[in-house]
Structures are given as structure tokens and as C-alpha cells.
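Engineer: Take a look at the following structure, please.
The values are calculated or read from the model by the stated rules, or taken from the named source; none is laboratory data. These numbers were taken from a predicted model, which means no experiment stands behind them. Cβ: placed from backbone, ideal geometry, glycine included. Neighbour counts: every protein chain shown.
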Amino acid sequence: MKKFLIPLVLFGVLVLFLAVGLKRDPHEIPSPLINKAAPDFSLQTLTGTAPFSPQDLKGKVWMLNVWATWCVSCREEHPVLVAFSKQIGVPIVGLSYKEIQPQDDPEKKLSPEALLKLARSRGSVWLERHGNPYTLSVMDLDGRVGIDYGVYGVPETYIIDKNGVIRYKQIGPVTPQTLSETIIPIIKGLENS
Amino acid sequence: MSPLFLIQKLKINGVQNFLWASVLLLLALGTCSTSSLAKEAEPLASDEVVEARLVHIAEELRCLVCQNESLSSSRADLAEDLRAQVREQIIKGKTDQEIKDYLVERYGDFVLYRPAVKPMTWLLWFGPFACLLIALGVLLIAIKRRNEKIQVKEFTSDQSHDVGQWVHMQEQKADQFINATETHTKKLKD
């Protein structure tokens, strides 16, 4: 083999690595919760019905979608979810994540009840205006459940199987493409198993 | 009333008026700034030991929103929430390792600035040293080969004979040249 080819080949390998690295999104951190049991919680709902817990949906494949009215990408994702909820019969549970932001109550004057009331009214108005894809929505005001699910950027979407195990996590908005290519096939596969 | 408007009204024409105007201006500015700065700093956790441990742990953890910042220096909302979590667990008496495990369980190894040494991270931890060793090996081999190539070779007896003859010829030429110049200068003197 000709000697001058060695650095050329090494350079080629380096370029290949860098090219692959350029195409990967550093914001998409693989979740360690995939194939693990969905963390349990019990939270108040948006409409004030009985508190919801993931246990209530045991035996069903369902989706958990993290949203907030202040979240810009959620607005982008919302019509996709609304259309999807009409098309496929899986329950979609909304997790209203930290609806009240620190700047909404800078002096921390509001009581927990007042905060919940404000968050509920904001969420309801938003869903009325943009459509409601959710079977129900739960209120994660302090973001604790969000932390248990490893939420670090809204919107995020989880697919949970019949045994309550997380099978997929979508970071960022759900698009028609991810729905048809990834989410729907996964849901169908889980429902048939 | 704006300070500039005040100055216009006073119609400055003497030093005294000017001084008055500046005093008024300063007063006006003073009231503005104090009213805008009248916000208290958030109270720190009461226990300084807890706070020191929090900083110590949070410096080793990555903020997931601004990924080049540590959890202790980030101002992102999530970082604040996670710091509150860490603080809560310190107060509960959890060890540093337990707290880190808690975060890794939720966010993965990515939160650790100092990833654990395990088969998956071997390349990351030992790769650079392996590269260094390979490079050293290549360098040593290259130097050895180069030394073999440029070793001083002894002249064979034939070669040294040729060189001797050549040197002798050059000496003769030089002598001839010196003689010629000497005879030439003599001629000129005469």
C-alpha cells in the first residue's frame, strides 16, 4: 500500500465522524426511562374531577403529553395532536407542566388554591381556543412529576404500554411525520402484543 | 416632571443656578433608581452547610436546558427546580452518590460532567491515552528506521585511495597557483 494514503484515510474517518456529529441534535438526550415503569403520581385534573394516577390506565396503551399555555412549540404541535386524537382511540393524558411561571407571581402572594384556580382557567381557555385532544389533563404546578419523568423541555410525549412501562419518548413537538413513521407503528405494535 | 424640563425652567445663567439644577437632577435620578431597584434578593436556604454541599454537588451536574452550564451556575427554571430537589434531599440526609443517582435515573448519564467508568465509557476515558501510546510507538519505529538509513558508512579501501588521490591533485593545483602568482609579482617589481 502506498504510504501517503494512510493520513488520507485517517482524515476521511475524522470527516465522517464530524459529519455524523453535525447531524445529531445535542438537545435530544436519550431518556433512561425507556423500558422502565412509568413513575407513579396522583395529581388534580384540569376540570376538577377525581385525581388521576397512571394506575387508572393499567391494561391500556396510552400517551402522556407534556404541555403548557406559555410553550410556543406546544401551539405548533397542538393541531397535530387534535387531529391524531380523532383518528386513533388511545387515551391521551395531558400533563399541564408548571402552568404558573415565576414571573406570573413574582412576590409569591398567591395561595396554592389560587394558583391552581388560575392555572385551570388558563388551561381551559387555551384548550377551548385551540381544541382539546386530551382525555383528561393533570396539573403539575410545581413540576415535580415532570422531574420524575425527566422532562427538560416542553413539549414532550411518552407512550406507555399496557403494563405501565414507558416505551417511547418524543422530545419536542410531535409532527405528522413522527406520528406516521414512529408513534402510530409503536402504538399498534403495543396494542397487538 | 422630567429632569431636563426642570433645567430648562430654571434658565441657568450663574454657577449657583447650575448647582441647584444639578442637585435637583441628582434627586430626580435618585428617586427613579431606588424605586426600580426596590426588590429584595431571594432568601438563601438558612443552613450554610446545606448550601455549601448543594454547590459542591451541583457543580458536577449539567443543566439540561443550557447544556454548557453546570446546575450550580445556570439560571434556567429547570436548574432552579433541580437545585431545590437536591437541597431537599441533602436535608433528608441523602449522600452525594444517592443524589447523583436520583438525577441519573431521570435524565441519564448526560447530567454527569464526570461520567462513570464502565464498559460503555471506556473509550471515552482511556481512548486519549491509547491514542497517545499508539502515537509514541509510531514515533519510536520511525526514528529507529531513520537512524538505520543515515548510519555513517566506512569507506572501502578503494574509495579511500581515490579520495587520497583527489586531495593530492588539489594540493598540487594550489602549489602551481601560488608559484604562478609569486613569479608574476616578482616580474612586476623588476
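Engineer: Based on this model, can you work out whether A:Glu77 counts as buried (at least 18 other Cβ atoms within 10 Å of the Cβ) and not aliphatic (A, V, I, L, M)?
Structural biologist: So A:Glu77 passes the test.
Engineer: Looking at region A:67-108, which of its residues are away from every other protein chain (no Cβ under 14 Å) and part of a loop (DSSP other than H, G, I, E, B)?
Structural biologist: Selection gives A:Thr69, A:Ile88, A:Gly89, A:Val90, A:Pro91.
Engineer: Could you please find all residues in region A:17-54 being more than 14 Å from chain B (Cβ to nearest Cβ), touching a strand residue (DSSP E or B) at 6+ places or on another chain (Cβ under 8 Å) and either exposed (fewer than 10 other Cβ atoms within 10 Å of the Cβ) or modelled with pLDDT under 90 (or both)?
Structural biologist: Residue satisfying the conditions is A:Thr49 alone.
Engineer: Only one of (1) loosely packed, with under 11 Cβ neighbours inside 10 Å; (2) at pLDDT 90 or above fails for B:Arg114. Which number is that?
Structural biologist: That leaves (2) as the condition not met.
Engineer: Further, regarding this structure: From the list A:Ala119, A:Ala114, pick out the single residue that is more than 14 Å from chain B (Cβ to nearest Cβ), farther than 13 Å from A:Ala68 by Cα and either within 17 Å of the chain's Cα centre (by Cα) or surrounded by 11 or more Cβ atoms within 10 Å (Cβ to Cβ) (or both).
Structural biologist: Exactly one of A:Ala119, A:Ala114 is more than 14 Å from chain B (Cβ to nearest Cβ), farther than 13 Å from A:Ala68 by Cα and either within 17 Å of the chain's Cα centre (by Cα) or surrounded by 11 or more Cβ atoms within 10 Å (Cβ to Cβ) (or both), namely A:Ala114.
Engineer: If I ask for residues that are within 30 Å of A:Leu115 (Cβ to Cβ) and either part of a helix (DSSP H, G or I) or of a type in the set (Val, Ile, Thr) (or both), which ones from region A:3-50 would you list?
Structural biologist: Once the filter is applied, which keeps residues that are within 30 Å of A:Leu115 (Cβ to Cβ) and either part of a helix (DSSP H, G or I) or of a type in the set (Val, Ile, Thr) (or both), region A:3-50 yields A:Ile29, A:Thr45, A:Thr47, A:Thr49.
Engineer: Limited to region B:59-74, what total is found for residues that are more than 20 Å from the chain's Cα centre (by Cα), away from chain A (no Cβ under 11 Å) and under 24 Å from A:Gln103 (Cα atoms)?
Structural biologist: Of the residues in region B:59-74, 3 are more than 20 Å from the chain's Cα centre (by Cα), away from chain A (no Cβ under 11 Å) and under 24 Å from A:Gln103 (Cα atoms).
Engineer: For B:Glu88, which of the numbered conditions (1) surrounded by 10 or more Cβ atoms within 10 Å (Cβ to Cβ); (2) over 25 Å from A:Leu10 (Cα atoms); (3) more than 13 Å from chain A (Cβ to nearest Cβ) fails to hold?
Structural biologist: It fails just one condition, (3).
Engineer: Among the listed residues A:Leu5, A:Leu10, which satisfies the condition of being modelled with pLDDT under 95 and within 12 Å of another protein chain (Cβ to nearest Cβ)?
Structural biologist: A:Leu10
Engineer: For region A:1-58, how many residues meet the condition of being closer than 18 Å to A:Val145 by Cα and of a type in the set (Lys, Arg)?
Structural biologist: Of the residues in region A:1-58, 1 are closer than 18 Å to A:Val145 by Cα and of a type in the set (Lys, Arg).
Engineer: So, in region A:123-147, how many residues would count as being surrounded by fewer than 18 Cβ atoms within 10 Å (Cβ to Cβ) and farther than 18 Å from A:Leu81 by Cα?
Structural biologist: Here the count works out to 2.
Engineer: Does region B:138-160 contain at least one residue that is surrounded by 10 or more Cβ atoms within 10 Å (Cβ to Cβ), touching a strand residue (DSSP E or B) at 6+ places or on another chain (Cβ under 9 Å) and without any contact (Cβ under 8 Å) to a residue 12 or more places away in the chain?
Structural biologist: Checking region B:138-160: not a single residue is surrounded by 10 or more Cβ atoms within 10 Å (Cβ to Cβ), touching a strand residue (DSSP E or B) at 6+ places or on another chain (Cβ under 9 Å) and without any contact (Cβ under 8 Å) to a residue 12 or more places away in the chain.
Engineer: For region B:91-119, name all the residues that are within 13 Å of chain A (Cβ to nearest Cβ) and among the hydroxyl-bearing types (Ser, Thr, Tyr).
Structural biologist: Once the filter is applied, which keeps residues that are within 13 Å of chain A (Cβ to nearest Cβ) and among the hydroxyl-bearing types (Ser, Thr, Tyr), region B:91-119 yields B:Tyr102, B:Tyr107.
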